[in-house]
1. Being within 13 Å of Ala255 (Cβ to Cβ) and among the polar types (S, T, N, Q) is the filter here, so list the residues in the stretch 123-144 that pass it.
2. Could you list all residues from the stretch 259-271 that are surrounded by fewer than 20 Cβ atoms within 10 Å (Cβ to Cβ) and part of a helix (DSSP H, G or I)?
3. Can you find, within the stretch 156-175, the residue that is nearest to Tyr137 (Cα to Cα) among those that are assigned to a loop (DSSP other than H, G, I, E, B) and among the hydrophobic types (A, V, I, L, M, F, W, C)?
4. Looking only at the stretch 194-203, which residues are surrounded by 15 or more Cβ atoms within 10 Å (Cβ to Cβ) and either assigned to a loop (DSSP other than H, G, I, E, B) or among the small types (Gly, Ala, Ser) (or both)?
5. Within the stretch 133-144, does at least one residue satisfy the condition of being touching a residue at least 60 places away in the same chain (Cβ under 8 Å), under 13 Å from the mean Cα position of the chain (by Cα), surrounded by fewer than 22 Cβ atoms within 10 Å (Cβ to Cβ) and within 21 Å of Glu256 (Cα to Cα)?
6. Which members of the stretch 208-237 meet the condition of being hydroxyl-bearing (Ser, Thr, Tyr) and modelled with pLDDT under 95?
7. Among the listed residues Glu256, Glu280, Glu275, which satisfies the condition of being crowded, with 17+ Cβ neighbours inside 10 Å, over 20 Å from the mean Cα position of the chain (by Cα) and charged (D, E, K, R)?
8. Looking only at residues that are under 19 Å from Ala217 (Cβ atoms) and out of contact with any Phe, Trp or Tyr (no Cβ under 6 Å at 6 or more places or on another chain) in the stretch 158-175, which one is surrounded by the most Cβ atoms within 10 Å (Cβ to Cβ)?
Amino acid sequence: MKPAIAAKIVIVLCLLSLFVGFFCIDKDTIYGISEKNINSKQLISNSNKIAVMEMEGTIASSYETSFFSSQTDAPSLLKSLKSALSDNTVRGVIIKINSPGGTVAMSQNIYAQIMELKKKKPVVVVFDDVAASGGYYIASAADRIIAQSGTLTGSIGVIFSFMDYHNLLSEKLNINPVVIKSGKHKDIGSGMREMTAEERKLMQTIVDDSYEQFIDAITAGRINRGDSYSVAKRDLSPDVLKANADGRVFTGRQAEKLGFVDAVGGMELAQKMIEKMAQEKFKNSLSAKLVNYNKKNYLSEYLTGISEYGAQDTVKLTDFIPKSMILNRKPLYLWE
């Protein structure tokens, strides 16, 4: 056999093995919880499931549409939440969050969708490494929040960041920008000139109003919860919220003591909680399989050698730039 033909056969076999591996992966054990471990009480329907979703990275409206991109960004989560709401086989939802926050509008979109979803089905949020600012904002809509003891959470507040480089342009580079505008505030926040006191005041009003919306959301989601689920629940008082909503961060254990989260634990605890809540919600003893609802692209993990438990992601230049600089001129629920 000619070497060229042999090489082609090897390549074809390799590609076939990748696709076979992709479709044969046991996605139900991705969280270390197999179907064998699910509650074995009376089975009402073979199609019953607990939808497990993830939110990783900065919360923003834009996302990659590449076939090889991860499906755990904010728009994908929002889409999955809408699907779970209309999916009658979904008996409960677990959302795993690992995010420092992000844009105000997208955080509010996800929050509103969770609030709507929990009217029909129980929702439990599990915090990973970080669930701060907008990450906590969207979580506050859930029925219950679970955090690892070392999770960084909180950072309740709003940030607006601008870069002032007008001295660099004019004094160092001898560049003098020319701006033609319809009103004196049209270029507000521009780094090509110094911000005026009036403009700073205008920006502060936006931050203050966005902050009030943040507090209102937490109040509606956690303080005014009216559910009757018998699983662990920590109450958050308005006084504690007011005293600690100044941008500070907490560990998961501190957050649990203050009432910002309901329990310290991980996916195993979330599974027990959601099963109990689903049984109480639907007045039935049921068994349900955990299903990864916004799946990661496992083929891309094979091709890149990067898996959930494997190598590090590629380091990009943007990783070293503060997210508030990348998403400048937007009010952010973001911890940096």
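1. Result: Ser140, single match.
2. Met267, Glu268, Leu269
3. Among those residues, the one meeting the criterion is Ile156.
4. Met195
5. no
6. Ser228
7. Going through Glu256, Glu280, Glu275 in turn, just one is crowded, with 17+ Cβ neighbours inside 10 Å, over 20 Å from the mean Cα position of the chain (by Cα) and charged (D, E, K, R): Glu275.
8. Step by step, filter the stretch 158-175, then rank; the result is Ile159.
The values are calculated or read from the model by the stated rules, or taken from the named source; none is laboratory data. Everything numeric in this text was worked out from a predicted model, so none of it was measured. Using ideal geometry, Cβ is built from the backbone for each residue, glycine included, and neighbour counts are taken over all protein chains shown.
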